[in-house]
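One structure is given here, and the rest of the page talks about it.
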Amino acid sequence: SEGGPADIKQIFANVNSVNVNFLVEVYSRIPDYFWGYLWLDTDQNPSTGLTNEKLPGYGLNDIGADYVLYIEKWGEYSQAILYRLTGGYFEFISTLPISFNEYYFTLSIPLSEITDDGNLDFTLIISAEYWLGTDIAPDTGHGTTKILPDWLSLSPTRGRVNPAEKTEVTITINAINLEAGESKGYILINSNDLDERVIYIPVDLTVTIKSVKG
């Protein structure tokens, strides 16, 4: 567990027409007392918002945070508080639910509550201490989400599979509103399996335009 008890393993992020969704997986069991900051750059301009030199992370990131989401877990109590950063001040926007598992947590930010141009840069700092965060992700630069067409769906979206059994999941691809080119999507499967708690399956789609002779 390099970097302390709150060592980030990987971040899954996606945007749909309603929410920005995050799943953050860590290497060690999430402790009872846990907090962090998710910095959001909604205009991809590092000179606006809270600039790099003022952010935790010691110069490892190149974002200007326009919003910040404060994440906390105190025993059974947990919440995420969204703030807008205006002129160096934290303006309260809303309190959002956050769900903690043993080794990961999930949260969603409504697009209606942030000013977003369709792209979102982010950096996450988490800690299990009472002072500055002990781990930061991404370690260099920033992560980016982007609103993509809703072309990938699956059914069922939840279920129960007993040990040594299997179930079928139907994947549907809808290319009606897609332009020619390549698109990338992901299927994220969460489970209580001790070895494979999260399975992240990439889906690549190539759309070609064929002319029809009449």
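Descriptive notes on the structure:
- Test: residue in the range 17-34 that is within 12 Å of Lys146 (Cα to Cα) and open to solvent by 60 Å² or more (accessible area, probe 1.4 Å): yes
- Matching residues in the range 57-103 - criterion: being surrounded by fewer than 20 Cβ atoms within 10 Å (Cβ to Cβ), of a type in the set (Ser, Thr, Tyr) and not in a loop (DSSP other than H, G, I, E, B): Tyr70, Tyr77, Ser78, Tyr83, Thr86, Tyr89, Ser94, Thr95, Ser99
- Number of the exception - Asp121 against (1) open to solvent by 70 Å² or more (accessible area, probe 1.4 Å); (2) modelled with pLDDT of 85 or more: (1)
- Counting the residues of the range 104-118 that are at pLDDT below 85 and open to solvent by 60 Å² or more (accessible area, probe 1.4 Å) gives 2.
- Just so you know, in the range 62-98 the residues that are at pLDDT 90 or above, of a type in the set (Val, Ile, Thr) and touching a Ser or Thr at 6+ places or on another chain (Cβ under 6 Å) include one that is nearest to Glu113 (Cα to Cα), and it is Ile81.
- Tally, over the range 153-183, of residues that are of a type in the set (Asp, Glu), under 16 Å from Ile209 (Cβ atoms) and outside any strand (DSSP E or B): 1
The values are calculated or read from the model by the stated rules, or taken from the named source; none is laboratory data. Keep in mind that what you see is a predicted model, and the values were worked out from it rather than measured. With ideal geometry, Cβ positions are generated from the backbone for all residues, glycine too; neighbour counts draw on all protein chains shown. Keep in mind that these areas ignore ligands, DNA and RNA; they rest on the heavy atoms of the full protein, side chains included. Shrake-Rupley method; radii C 1.70, N 1.55, O 1.52, S 1.80 Å.
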